[in-house]
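The values are calculated or read from the model by the stated rules, or taken from the named source; none is laboratory data. Model, not experiment: these values are computed from the prediction. Positions of Cβ are generated from backbone atoms using ideal geometry, with glycine treated the same way; all protein chains shown enter the neighbour counts. What goes into the accessible areas is simple: the full protein's heavy atoms, side chains included, and nothing from ligands, DNA or RNA. Shrake-Rupley method; radii C 1.70, N 1.55, O 1.52, S 1.80 Å.
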Amino acid sequence: MIADIALIDGTVLTLDADGREAEALSARDGRIATVGSTDEVLDDVGPETAVVDLDGRAALPGFIDTHLHVPMGGARMVHVNCRSPPNESIADVQERIRERAEGTPDGEWIVCSGYNLGLVWEAEDRHIDRWDIDEVAPDNPVQINSVGGHTGSIYNSAALARAGIDRDTPDPEPPATIERDADGRPSGLVSEEAEIPLHEAIPDETRADRRANVERAIDRLLEWGVTTAHEANTTPEDLRIYQELEREGELPLRLGTMIQGDAGEDLGEEGIDLLSRLAETGVRTGFGSDRLFVVGVKYFMDGAFTGRTAAMRDPYEGEPVPEDSPQYDGVLHIDPEYFAERVERAVEAGLRVCVHGQGDLAMDHILDAYEAVLDPDEDHRFRIEHAGLTRPEHLERMADLGVCVSSSISFLGADVSRNWVYWGDERMDWTYAVAALQEHGIPTAGNGDWPVATGDPRVGLRTAVTRETVTGEVVGPDQRVAVEDALRLYGPDAAYLGFNEDEKGTIEPGKLADVTVLSADPRAVEPAEITDLDVEYTVVDGEVVYDAERGHVY
Ligand SMILES: [Zn+2]
């Protein structure tokens with residue numbers, strides 16, 4: 001047998017059930033052929049074989065990220081970056097907007113992302129406002145989106161003028177807000193329903209823009225070593241774009257899609273819900289190819305911790321808000337009874353539910369619905385996305401039911417973790433409880449919900465091992481795991497969440513030849529330095545699609 005590709009003279013972490021290691025591997029026709037010593041693999045090398053000398057570097061099963069947002073990730077890449085780090089002050093954010101405004105024609109919108117409305121800047125002890133933005137971008141309407149959403153955006157004067165918002169605009173119905181200064185002038189922060197006229201003033205993204213965002217996002221994922229991504233809220237338009245890319249041979253990684261579910265509020269004139277429509281078409285979980293396949297149907301139980309809208313059993317800590325505020329103890333985005341009906345309908349339709357759940361109250365509702373409907377003896381693999389706060393009793397229930405978790409472990413190690421002053425220490429101990437999830441035998445994968453946090457699996461790996469936040473504190477140290485166990489989150493256990501464990505997630509003969517090559521063995525470096533490892537090659541189907549030296553090569 002002559003291989004198409006051989007990777008030799010390195011460390012191959014197979015992540016197989018026995019934790020085997022090797023020096024080399026070969027692949028043919030998109031499948032792993034030989035895993036063994038360099039000498040064994042050299043037997044497969046012929047004149048046509050592409051030989052990659054690993055030179056001591058580490059080959060791992062290609063990273064599988066089980067929850068991210070492809071078009072949104074690509075869109076954010078071209079927004080002005082308002083994250084912190086790198087920004088440490090209002091002045092830093094102003095500088096970035098100034099730079100963008102200089103290269104943007106007058107009158108054109110400038111969109112900025114990643115601003116953290118959860119905490120004020122230490123340098124100025126306040127948020128950026130319309131006048132700060134006016135100083136650096138007087139001739140462009142500017143929108144600053146907040147990280148994670150749900151808490152409004154900040155606009156400059158040109159933007160507010162386009163939407164007709166001024167001091168005479170009446171205050172909206174709560175929870176929507178138009179924040180005002182002491183003189184009653186809108187300060188720029190607008191939220192919820194009050195933001196609609198502003199959203200309408202921003203020109204719609206064209207289909208070409210959307211496809212470009214998808215392509216940009218995919219290139220970034222390859223740079224991060226991701227070979228399979230689960231897109232966590234796929235619209236019909238997006239699914240068409242992915243199919244188009246696959247047909248054109250322009251889909252260099254594998255994409256699982258969670259079809260965007262409904263919340264029961266807008267079922268159209270016929271009142272037919274999404275699952276009923278899907279059931280009629282016969283589309284089931286797994287439908288598609290090994291490049292593009294249906295992962296399940298996506299629902300949202302509650303809000304996000306960044307906007308302190310995750311549904312909690314107990315109120316948030318920190319800055320007090322009225323009891324009727326969504327930020328008092330969070331919000332539910334779907335009626336738990338309607339959700340339970342969806343779960344039942346999904347089982348009938350052969351579609352797996354993936355539900356966003358963050359707070360401990362959301363976990364209660366999700367598990368109530370799952371318990372009422374799911375047969376624990378069936379191989380259903382119904383999922384909970386994020387699983388921000390799981391209590392010990394939730395873990396028991398998940399284990400008994402066979403529920404899987406896609407844990408947003410990267411949130412802890414990313415800038416969004418700064419919001420966690422609102423959780424308090426006791427809850428922090430049970431956030432993204434990877435060690436406890438694994439100890440209970442709950443299939444657990446990792447994610448960063450990109451672009452909410454990063455989609456770089458190295459951040460998830462480092463955070464699972466260190467539990468260190470960007471501000472340097474260690475959160476819930478009992479939940480730290482060994483590097484080998486962290487790797488499962490993006491390897492075999494992530495493959496299990498895609499129903500793909502027979503095809504990928506480990507390096508074994510016969511499996512799809514998806515491999516990520518890192519500059520060193522992640523077990524051989526200090527845990528804090530896992531994010532310093534370079535992704536050297538990303539291999540999908542036995543083909544190098546990203547090479548650190550040559551860039552994207554598909
Ligand atoms: Zn998400």
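The string of couplings for segment 486-493 from the Karplus curve (6.51, -1.76, 1.60, θ = phi - 60°) is 5, 4, 4, 4, 10, x, x, 6 Hz, one whole number per residue in order, with x for Gly and Pro.
Projecting the Cα positions of T11, V41, L68 onto the charge dipole of segment 11-101 (unit charges on Cβ atoms of Lys, Arg, Asp and Glu, taken about the Cα centre) puts L68 furthest along the positive direction. Based on Cα contacts under 8 Å between residues 6+ apart, segment 79-201 shows a relative contact order of 22 percent.
Annotation: for a label point projected 7 angstrom from Cα along Cα→Cβ of I272, residues of segment 325-359 with backbone N closer than 16 Å are 349. With the whole protein complex present, E88 retains an accessible surface near 90 Å², based on a 1.4 Å probe. Using the 1.4 Å probe convention, the accessible area of segment 93-226 works out to 48 Å² per residue with neighbouring protein chains retained.
FRET efficiency for the pair I202 and D534, taken as 1/(1 + (r/R0)^6) with r the Cβ-Cβ distance and R0 = 41 Å, rounds to 0.65.
If you average the alpha carbon positions of segment 64-142 and of segment 311-342, how far apart do those two centres end up, in angstrom? If you average the Cα positions of each part, the centres end up 29 Å apart. Model label points for Y338 and E108, set 7 angstrom from Cα along the Cα-to-Cβ axis, are 4.0 nm apart.
Any idea which of L267, G505, A362 is furthest toward the positive side of the dipole for the chain, if Lys and Arg beta-carbons carry +1 and Asp and Glu beta-carbons -1? Towards the positive end, the residue furthest out is G505.
Taking the accessible area of segment 79-201, probe 1.4 Å, and keeping the other protein chains in place, the carbon and sulfur fraction comes to 46%. Maximal additional length on extending the E319-D39 stretch stands at 94.4 nm, based on 0.36 nm per residue less the C-alpha distance.
Available extension along the chain between E95 and A50 is 11.5 nm, counting 0.36 nm per residue and deducting the alpha carbon span. A crude spin-label estimate for the pair A482 and D425, with each label 7 Å from Cα along the Cβ direction, gives 3.0 nm.
Where only DSSP H runs of four or more residues are counted, the chain gives -8000 deg cm²/dmol as its mean residue ellipticity at 222 nm, each run worth -39500 (n - 2.57). How would the chain be classified by its alpha-carbon gyration tensor: rounded, prolate or oblate, with rounded meaning a/c under 1.5 and the a/b versus b/c comparison settling the rest? The shape class here is prolate.
Protection proxy ranking for 351-358, 213-220, using the average of other Cβ atoms within 10 Å per residue and placing the highest first: 351-358, 213-220.
Figure legend: label point modelled 7 angstrom from the Cα of E248 along Cα→Cβ; residues of segment 210-232 with amide N under 15 Å from it are 210-219. In sequence order, segment 531-541 has phi-based couplings of 6, 8, 5, 8, 7, 8, 9, 10, 10, 10, 6 Hz under the Karplus curve 6.51 cos²θ - 1.76 cosθ + 1.60, θ = phi - 60°, and Gly or Pro positions carry x. When each of the peptides 5-17, 27-39 is scored by how many other beta carbons lie within 10 Å of its residues on average, the order from highest to lowest is 5-17, 27-39. Calculated FRET efficiency, T281 to D125, Cβ-Cβ distance, R0 = 60 Å: about 0.65 to the nearest 0.05. A full extension of the chain between M77 and E237 corresponds to an added length of 55.6 nm, given 0.36 nm per residue minus the alpha carbon distance. The E223 and A524 beta-carbon pair, evaluated with R₀ = 35 Å, returns a calculated FRET efficiency of approximately 0.95.
Placing +1 on the Cβ of every Lys and Arg and -1 on the Cβ of every Asp and Glu, with nothing else charged, gives the chain a dipole about its Cα centre of roughly 480 debye.
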